[in-house]
1. What number, in percent, do you get for the relative contact order of the chain if the mean sequence gap of Cα pairs under 8 Å and at least 6 apart is divided by its residue count?
2. At a 10 angstrom cut-off on C-beta neighbours, averaged per residue, how do the peptides 144-150, 163-169, 105-111 rank from highest to lowest?
3. Karplus couplings for region 200-209 from phi (6.51 cos²θ - 1.76 cosθ + 1.60, θ = phi - 60°), rounded to Hz, Gly and Pro as x?
4. Apply the a/c threshold of 1.5 to the C-alpha gyration tensor of region 75-198 and tell me whether it is rounded, prolate or oblate.
5. Would you mind checking which residues have amide H under 5 Å from residue 69's amide H? H placed 1.01 Å from N; only 5 or more apart, or other chain.
6. Could you go through region 264-279 in sequence order and give the Karplus-derived ³J(HN,Hα) for each residue, using 6.51 cos²θ - 1.76 cosθ + 1.60 with θ = phi - 60°, rounded to whole Hz, and x for Gly and Pro?
7. State the antiparallel share, in %, of DSSP beta bridges confined to the chain, rounding to the nearest 5.
8. Cβ neighbours within 10 Å, averaged per peptide: list 54-62, 68-76 in order, most packed at the top.
Amino acid sequence: MLNRRFFITGSLAALLPPMPVLAKDATRIAAVDWAAAESLLALGVTPLAVADTGYYNQRMPQLLPAATHDIGPFWEVNLELLDRLRPGLIFIGAASLFMTPRLNEIAPVEVVEDMRGENAYGRAAAILRQCGRAAGLPSSHVEAVLSNIEQRMQSLAASVQRVRPVCILLPDQSGSRAMVYGNGSMPGSVVTRLGLRNAWQGPTNANGFIQVGLDQLMALDDAVFMQIEIPSLAPQTNWALSDSQLWHRLPAVREGRVVRMQQFYPFGGCLSTLHLAEALARALQDPFGAGTP
């Protein structure tokens with residue numbers, strides 16, 4: 001299994017130019033949307049409050065600072081607590097649009113950029129710039145962070161082994177189905193950015209992923225599987241897969257070409273994209289890179 005948060009602990013400091021001095025109220029930003037929360041962190045800004053901080057810390061590549069308040073899940077934000085915190089701005093995603101009228105009574109609401117399909121990778125940069133503007137950061141600081149991330153991406157793309165295609169998948173608890181991420185998803189766009197080939201070329205939904213039966217993965221006989229794990233569901237999922245004859249018949253599983261990854265969120269921002277790129281680069285090192293498809 002990939003070491004937890006190996007990118008964040010070793011590389012984040014290198015991404016951050018010196019933090020400019022901000023007005024005291026410029027950083028009082030609440031983020032119901034997790035991509036906005038991690039974009040603020042990438043810019044050196046501590047979010048005032050974030051939705052479901054405990055679950056965030058399980059799934060995202062960087063832990064939230066202790067000073068960040070938990071305002072409950074994105075579908076049921078603790079409005080009383082949020083009001084007491086007196087944020088200057090609240091970032092939400094499309095899934096929380098139904099809460100806009102009530103949140104607007106507390107502070108101005110801003111919806112994060114939502115670009116799908118071929119622009120999925122660019123969405124991370126757009127959200128970072130959006131958060132930089134909201135925090136009152138000079139554009140030079142934001143662009144410096146983006147430039148450092150892009151340089152790291154280029155370095156990974158130059159070093160990654162391209163012997164095999166990659167299938168990024170999230171098995172469910174039935175042991176018979178999995179979510180796979182195609183070219184129109186954020187994970188798919190990272191695969192493309194690294195110059196890799198996405199093993200899944202089948203249909204997807206508007207977000208670039210689709211749930212399929214494991215039998216539909218049988219044809220991906222030369223692929224490396226990156227198996228995403230959701231920590232709260234991992235025990236049940238792993239038990240189901242251990243008992244699944246179909247899972248064990250898949251060529252990648254049978255031949256040991258499966259790498260597990262934690263801290264994954266398919267709608268994440270710049271830190272999530274870079275974390276996934278780091279994980280892919282490491283996954284394609286030995287023993288997978290030495291073989292012939």
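1. 22
2. Peptide ranking by packing, descending: 163-169, 144-150, 105-111.
3. Those phi angles translate into 8, 10, x, x, 9, 8, 5, 8, x, 9 Hz.
4. It is oblate, given that a/c is not under 1.5 and a/b is not larger than b/c.
5. Hits under the 5 Å cutoff: 49, 50.
6. 9, 9, x, 10, x, x, 5, 5, 5, 5, 6, 4, 5, 4, 4, 5
7. About 30 percent, rounded to the nearest 5.
8. Answer by packing, highest mean first, reads 54-62, 68-76.
All of the numbers you see were taken from the coordinates with simple rules; none came from a lab. Everything quoted here is computed from the prediction, not taken from an experiment. Reconstructed Cβ throughout: ideal geometry from the backbone, glycine too, with neighbour counts over all protein chains shown.
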